[in-house]
Amino acid sequence: GSPKSLMAIRPGSRLPVLVCVHHVGGDLEAYHDLIDALPKSVPCLGLKSLGLDSRCKPHRDVPAMAAHYLDELTRKYDPNEIVVAGYSLGGLVAFEMACQMDERATPLRGMMLLDAIVPEQPYSPTPPTAPLRMLVEDVLRLELDVDELATLPADTLRATILDAAEQTGSLPASYGQDRLQRMIEVIDSNYKAAARY
């Protein structure tokens, strides 16, 4: 079958279902505290970036990402049963999902934006190191010199980041360069998609 973004995080017995949209890094770890704070009866799902799967390319723009996620979701749930939550970039995607459902005259039950980013208007080009800075400082929370990292060959760059991330516990020792490269590509693609939105 076609690759899926939708995944179960925690089962529950009542509706609506909470659907957490990935941040720029493509995964869902930012939602653990929120989900833990909710009643156990609330079912929680997540939408992770397709690009984390080695068989898939990341989405190139926010509307396409939102449309794909809505297709997966509305195959299983009525829009009135869905509350989307978006943190950071996920907030931008959740907002676009809600707009697309409003255009279809089938609004979602609700939307929650958490520390969501607002695109700068008018569009201004981002520095080439911005996605790398986001990976190092925001996603992995490492204290590395991003400008210095940007001058390294790709394999040395990945090895340096992996070594620092393993030492701080940001990534497991088994993470590997291939998975880190996919994360870098997802962040780069998501960052550019958000900037174009």
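A few comments on the model shown:
- Cβ charges +1 (Lys, Arg) and -1 (Asp, Glu), total dipole of the chain, debye: 860 debye
- Here's how it looks for Ala85: its modeled amide H is under 5 Å from those of Val19, Cys20, Val21, Met112, which are all 5 or more places away or on a different chain.
- Taking θ as phi - 60° and the Karplus parameters 6.51, -1.76 and 1.60, the scalar couplings of region 26-42 work out to x, 10, 10, 4, 5, 9, 4, 5, 4, 5, 4, 7, 7, x, 4, 7, 7 Hz in sequence order, x denoting glycine and proline.
- If R0 is 35 Å, the Cβ-Cβ spacing of Thr129 and Met7 corresponds to a FRET efficiency of close to 0.65.
- Rg/Rg_globular for the chain, with Rg_globular taken as 2.2 N^0.38 Å and Rg from C-alpha atoms: 1.05
- Relative contact order of the chain: 25 percent, from C-alpha pairs under 8 Å at least 6 residues apart in sequence.
- Residue among Cys56, Tyr87, Leu114 farthest towards the positive dipole end of region 41-197, charges placed on Cβ: Cys56
- Antiparallel content of DSSP bridges confined to region 1-85, in %, to 5: 35 percent
- CD proxy at 222 nm, helix term only [per DSSP H run n ≥ 4: -39500 (n - 2.57); per residue of the chain; nearest 500]: -12000 deg cm²/dmol
- Apportionment of accessible area to carbon and sulfur, the chain, percent (1.4 Å): 53 percent
- Alpha carbon centroid spacing (whole Å) that separates region 131-178 from region 1-67: 24 Å
- Principal-axis tilt of helix 62-76 within the chain, Cα atoms, nearest 10 degrees: 50 degrees
- Long-range amide H partners of Ala116 with built H, under 5 Å: Ser88
- Estimated FRET transfer efficiency (Thr106, Ser174; beta-carbon r; R0 30 Å; 0.05): 0.10
The values are calculated or read from the model by the stated rules, or taken from the named source; none is laboratory data. Given the structure is predicted, the values throughout are model-derived calculations rather than measurements. All Cβ positions, even for glycine, are placed from backbone atoms using ideal geometry, and neighbour counts span all protein chains on display. Heavy atoms of the whole protein, side chains included, go into the accessibility calculation; ligands, DNA and RNA do not. Shrake-Rupley method; radii C 1.70, N 1.55, O 1.52, S 1.80 Å.
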